[in-house]
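Written out below as structure tokens is the structure these notes cover.
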Amino acid sequence: MKKKNEAQENEEVVKDNIATEETEANETTEAQNEEEIEEPIELTAEEKLTIEVAEAKDKYLRLYSEFENFRRRNAKEKIDLIKTASQDLMADLIPTIDDFERAQQANQKQEDIEVIKEGFELIQKKLLKTLEAKGLKLMKTEKGTDFDPELHEAVTQFPVDDDKLKGKIIDTVEKGYFLGEKVVRFAKVVIGA
């Protein structure tokens with residue numbers, strides 16, 4: 001029994017020694033790994049430049065992608081804005097359309113021309129008021145006004161007796177309009193020659 005106990009003790013001692021050696025070996029390996037990590041790896045100038053170029057290329061691609069996304073988003077927003085830009089105007093014009101429909105129905109039974117005229121004048125005033133609220137302004141083209149090619153379109157010329165009217169507007173064929181400060185329709189005028 002003593003031999004068995006001694007053998008077991010010997011085995012345990014050997015196992016302890018092996019475990020101790022393995023632990024020491026692991027600690028040595030870890031220490032070597034830490035030393036390897038701590039030691040800076042010397043790169044050649046070419047390798048450093050290659051890394052810098054790769055980083056710059058990556059940064060460039062990311063910025064380019066962000067810009068492309070921004071451009072697409074902006075274009076989409078512009079298209080959406082254009083599609084709905086006139087939405088407010090259309091909503092404001094619907095009551096005028098309703099007035100025209102009511103006037104048509106009322107005119108079928110109406111025999112008094114003056115009442116019909118008055119109804120259409122009211123509708124016209126309402127329409128013009130709505131458009132003026134949205135920035136549409138009538139262009140002034142009174143007789144004797146100087147001709148301005150940036151505002152007027154000369155349809156024809158007529159000889160005039162008065163020298164003061166030569167080169168000036170003598171009649172307006174079609175009215176011109178501004179939207180804000182921009183000309184949306186040139187006034188078609190007759191000029192004195």
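See the values below:
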quantity: Burial ordering of Arg185, Arg71, fewest other beta-carbon atoms within 10 Å first; calculated: Arg71, Arg185
quantity: Ratio Rg/Rh, restricted to region 70-162 and using Cα atoms, in which Rh is the Kirkwood radius; calculated: 1.18
quantity: 29 Å Cα-Cα threshold exceeded, pairs from Lys109/Lys175; Lys76/Lys125; Lys125/Lys188; Lys109/Lys137; Lys76/Lys140; calculated: Lys109/Lys175; Lys76/Lys125; Lys109/Lys137; Lys76/Lys140
quantity: Label-point separation, Leu63 to Glu47 (7 Å along Cα→Cβ), nm; calculated: 2.8
quantity: Equivalent ellipsoid dimensions for region 136-193 as semi-axes, Å, which come from the Cα gyration tensor, largest first; calculated: 22, 9, 8
quantity: Estimated inter-spin distance, Tyr177 and Phe120, nm [label 7 Å along Cα→Cβ]; calculated: 1.8
quantity: At R0 = 22 Å, FRET efficiency that the Cβ-Cβ distance of Ala54 and Glu77 yields, to 0.05; calculated: 0.05
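Since every read-out is calculated from the coordinates, none of them should be taken as a lab result. Bear in mind that the values here come from a model prediction, so they are computed numbers and not experimental data. Using ideal geometry, Cβ is built from the backbone for each residue, glycine included, and neighbour counts are taken over all protein chains shown.
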